[in-house]
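Data first, discussion second: the structure below is written as C-alpha cells.
Read-outs: derived from the displayed coordinates by stated rules, not from any lab. This one's a predicted model, so the numbers in the text were calculated from it and none came from an experiment. Note that we place each Cβ from the backbone using ideal geometry, even for glycine, and neighbour counts take in every protein chain shown.
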Amino acid sequence: MKIKSASEEGMSRRQLLQAGLATAAAVAMGSPGEAKAQEPTARTTNVRVIDIHAHYFPEAYLDLVASDGKRFDAAYYTTDKGWFIKTPAGGNGPLPAKFIDLKVRIADMDQQGVGLQAISLTAPMLYWGDAELSAKLAKAWNDAATTAHQAYPTRLVAFLTLPMLHPDRALSELERARKLPGMRGVYLGTNIAGRDLDDPLFEPVLGRIEALDLPIFLHPVETVGGDRLRPFFLSNLIGNPVDTAVAACHLIFGGVLDRQPKLQI
C-alpha cells in the first residue's frame, strides 16, 4: 500500500473540492451534461447573468457636483490615473471610464458575460449638500439613469436615489422618479450622513416606499471604523459588512420592519 505524502494528500483534497464546486455550479445553473473540474460553467448556460451591484456616475451628475458643489468644497476632476470625486462626505477614485461612459460599460458587460445591470449611485452619495442641491443631484442622477435605460433598454435598469435628509423633497422625487422608464427600486445608504435607518426622519419615506411595493437596495457608505480602517482597504473588507450588519440591526431592533412589515430590503 502506498502512503500519500502531505503534499499529495492536500492536492487530492483540492482536486476533490474543485470537482465538487464545479458539479454544484453546474446543477445550480442547469448546465447539461457532466461537469468537469475548473470548467467555466456560467458561460455555457442559457441563464442570463444579472448584476445588481453596478455603480454609475453620469456626467450630468458629476458636472453638477463640480459646479453647484463648489460652495461645499466638492469637486470632480480627471488625472492620468482616472477620475475622482470629492465631497464633504468623502470621495471616490481613481475610477475608470466605464463608470461614466455607457459604451465602455456595455463592452465591459459583454466581456464579463453580464446580460443586465441594475445601475445605482454609490459613495459619496448626495447626502452632503443642502436641501436644494441634494434634490438637484437626485433629479440629475435619476434622469440620467432613465436615459441610460432608454439607450440600452435590454441591458440597463436602475435603482433611483433620493435626498433622504429632506423628507418632503425625497417624497416628491420618489413620486416623480418611480414613474421614469427603467426604474426598479430605491437605493439607500446603510446610514444617511451618520443617521441610522430607524431615525424618525426617514419613516414617511420608508412608509411610502413600502406602499409603492418598491425594493430597497442598501449599500454601505461612511462606514464605521474611521481612520483605523483606512489602511489595506479595510474600510471595504471590514467596514462594509459591519456597517451592513449595523443597518440590519437598526431595521429590526429599531422597529422599522414592525411598522413597515412589507418593506423589501
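Tabulated values for the structure
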item: Label-point separation, Val242 to Thr154 (7 Å along Cα→Cβ), nm; result: 4.6
item: Radius 12 Å from Cβ of Gly93, net charge of other residues (Lys, Arg +1; Asp, Glu -1); result: +2
item: Computed FRET value (nearest 0.05) for Ala131 with Val47, which takes r as the C-beta separation and R₀ as 30 Å; result: 0.10
item: Normalised convex hull volume, the stretch 48-259, alpha-carbon set, Å³ per residue; result: 129
item: FRET efficiency estimate (nearest 0.05) - Cβ-Cβ, Arg176 to Ala66, R0 25 angstrom; result: 0.55
item: Hz values of 3J(HN,Hα) by residue in the stretch 196-208 - Karplus curve (6.51, -1.76, 1.60), Gly and Pro given as x; result: 7, 6, 8, 4, x, 4, 8, 4, x, 6, 4, x, 6
item: Subset of Lys103/Lys262; Lys98/Lys262; Lys139/Lys262 violating a 32 Å alpha-carbon distance limit; result: Lys103/Lys262; Lys98/Lys262
